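> Here it is: the structure, laid out below.
Nothing in this text is a laboratory measurement; each read-out follows from the coordinates by a stated rule. These numbers come from a predicted model, not from an experiment. Here the Cβ is made from the backbone with ideal geometry for all residues, glycine too, and neighbour counts use every protein chain on show.
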Amino acid sequence: MANLFSLADLSIPEVDKILNRAEAFCNGAQSRAAEDKVIASLFFEPSTRTQQSFSMAAYRLGAGVLTFNADSSSMQKGETFYDTVKTFEQIGSDVLIIRHKENEYYKKLGDVHVPILSGGDGTGNHPTQSLLDLMTIRQEFGGFEGLKVCIVGDILHSRVAHTNIEIMKRLGMEVSTSGPEEFREEGYAFTEFSEALATADILMLLRIQHERLEGSMQMSTEAYNRDFGLSLSRTHRMKDRAVIMHPAPFNRGVEIDDDVVESSRSRIFKQIKNGVFVRMAVIERALSE
Ligand code: CP
């Protein structure tokens, strides 16, 4: 079954195949691969981009979409996560899109027999975000080999960082991390922010994940902006062709200043747009196996 939990489960040719299909959709290819199918969108954690772009992708492929709100569901009467997911399988969903705050939530779902596409698990993986990041990078630079990417911010709690670091290294990119000491993770290369500004081809900024920090952040957001916030004047130190990426949601005035969000180097809104094409490709893949 073509589940998608982690890009580590995919070979490079499989990743390329998804990116090529997403690019075809970006260039106007049409598909009704999900005609008469129903896709259930089960988000147990908040989302705007991932949930809505999966829904948009499903509509474009001809599918119907079931939405779900845990706060108004029978989970409020004690139903478990597994029983909730099993219910969506039993009522006839053809594909399940699931986001959950627990790392590897899918290991609790061994008895579910329809494809699951992960919309993110805790601090673990966010495969479709990473695929849309890769698509955006490939559109910009034509490939991956030798590109320098620095991921800046809350590495420790970021499923986007964890997913990207693994796949970007396999694709031959030079990956490093930067940001405050409290968010660093052992085992990953570290670059001082000032050096990253001057050397990275791709500066990927991350949001501080307050929802996972539970008030334990040592640094104030003002200090974060002073030391690691990307201001327009700091962008002037970047290489000529270097670009700025962010998975969003972003916090204007913390990790990124207002006037950088839509500056000429920013690819943030392009990333969001590419999310629909990547999700069309992974839904089509899930239904074809
Ligand atoms: N990038 C991302 O996952 O955004 P959402 O949380 O809005 O889905």
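> Which whole-number percent gives the relative contact order of the chain, counting Cα pairs below 8 Å spaced six or more residues apart? Present the calculation step by step, with values, prior to reporting the outcome.
Values: 523 pairs, mean separation 65.5, N = 289.
Relative CO of the chain lands at 23 percent.
> For the chain, with the dipole built from +1 on Lys and Arg beta-carbon atoms and -1 on Asp and Glu ones, taken about the Cα centre, which of PRO46, GLY215, ASN20 lies farthest toward the positive end?
ASN20
> Just name one of ALA63, PHE81, ALA200: the one whose Cα is farthest towards the positive end of the charge dipole of the chain (beta-carbon charges, Lys/Arg +1, Asp/Glu -1).
The one lying farthest along the dipole's positive direction is ALA63.
> To the nearest 10 degrees, how steep is helix 159-170 against the longest Cα principal axis of the chain, on a 0 to 90 scale?
80
> Quick one: which residues, 5 or more positions from ILE256 or on another chain, have an amide H under 5 Å from its amide H? H modelled 1.01 Å from N in the peptide plane, none for Pro or chain starts.
Hits under the 5 Å cutoff: LEU230, ASN251.
> If you bin every alpha carbon distance in the range 1-129 into 5 Å steps from zero, what whole percent lands in each bin?
Final binned percentages: 2, 10, 19, 24, 23, 14, 6, 2, 1, 0.
> Give, as ranges by residue number, the residues of the range 232-270 whose backbone N falls under 18 Å from the point 7 Å along Cα→Cβ of GLU195.
Flagged as within label range: 237-239.
> Please get the size of the charge dipole for the range 127-266, origin at its Cα centre, with Cβ charges of +1 on Lys and Arg and -1 on Asp and Glu, quoted in debye to the nearest 20. Display every interim value, and only then the final one.
Values: 15 positive and 23 negative charges, 78 e Å.
Dipole size: approximately 380 debye.
> Would you mind checking the pairs LYS37/LYS270; LYS17/LYS37; LYS107/LYS273; LYS86/LYS108; LYS108/LYS273 and listing those with alpha carbons more than 21 angstrom apart? Please report the intermediate quantities before stating the final value.
On the way: LYS37/LYS270 28 Å; LYS17/LYS37 23 Å; LYS107/LYS273 31 Å; LYS86/LYS108 11 Å; LYS108/LYS273 32 Å.
Over 21 Å Cα-Cα: LYS37/LYS270; LYS17/LYS37; LYS107/LYS273; LYS108/LYS273.
> So how far, in whole Å, is the C-alpha centre of the range 71-102 from the one of the range 144-189?
32
> Another one. Once you list every other residue whose beta carbon is under 11 Å from the beta carbon of SER6, what net charge do they have if Lys and Arg are +1 and Asp and Glu are -1?
Working: positive: ARG159; negative: ASP9, GLU104, ASP121, GLU166.
Local net charge: -3.
> Using the Cα atoms as the points, what is the convex hull volume per residue of the range 123-224 in Å³?
Hull volume over Cα atoms, normalised by residue count, gives 101 Å³.
> Another question, then. Once you have the Cα-Cα distance between GLU186 and PHE141, take 0.36 nm times their residue separation minus that, and quote the gain in nm to one decimal.
13.3 nm
> Would you tally the net charge around THR163, using a Cβ to Cβ cut-off of less than 11 Å, leaving THR163 out, and scoring K and R as +1, D and E as -1?
Computed value for this residue: -2.
> How large is the translational diffusion coefficient of the chain in µm² per second when you combine the Kirkwood radius over alpha carbon pairs with Stokes-Einstein at 20 °C and 1.002 mPa s?
In µm²/s, the coefficient is 110.
> Now, a different point. Whose amide H sits under 5 Å from the amide H of LEU206, counting only residues 5 or more places off or on another chain, with H placed in the peptide plane?
Counting only residues 5 or more places away or on other chains, the set is VAL152, ASP154.
> Give the order of THR235, THR67 when sorted by the count of other beta carbons within 10 angstrom, beginning with the fewest.
Numbers: THR235 20, THR67 10.
Fewest-to-most Cβ neighbours within 10 Å comes out as THR67, THR235.
> By the scheme Lys and Arg +1, Asp and Glu -1, what is the net charge of all other residues having a beta-carbon under 12 Å from that of GLY153?
-3
> Another question, if that's okay. Output ³J(HN,Hα) for the range 129-141: one whole-Hz value per residue in order, computed from phi by the Karplus curve 6.51 cos²θ - 1.76 cosθ + 1.60 with θ = phi - 60°, and x for Gly and Pro.
Listing the rounded values in order: 4, 5, 4, 6, 5, 5, 4, 5, 5, 5, 5, 7, 10 Hz.
> Take SER233 and GLU102, extend 7 Å from each Cα along the Cα→Cβ direction, and tell me the distance between the two endpoints in nm.
Inter-label distance under the simple model: 4.9 nm.
> Now for a separate question. Quick one: order ARG252, ARG138, ARG99 by neighbouring beta-carbon count within 10 Å, fewest to most.
Values: ARG252 14, ARG138 19, ARG99 22.
With the sparsest Cβ surroundings first, the list reads ARG252, ARG138, ARG99.
> Further question: Roughly how far apart, in whole Å, are the Cα centres of the range 226-289 and the range 1-66?
20
> Just need the relative contact order of the range 127-266 here, percent rounded to a whole number, with Cα pairs under 8 Å and 6+ apart.
Values: 216 pairs, mean separation 34.1, N = 140.
Over the range 127-266, the number comes to 24 percent.
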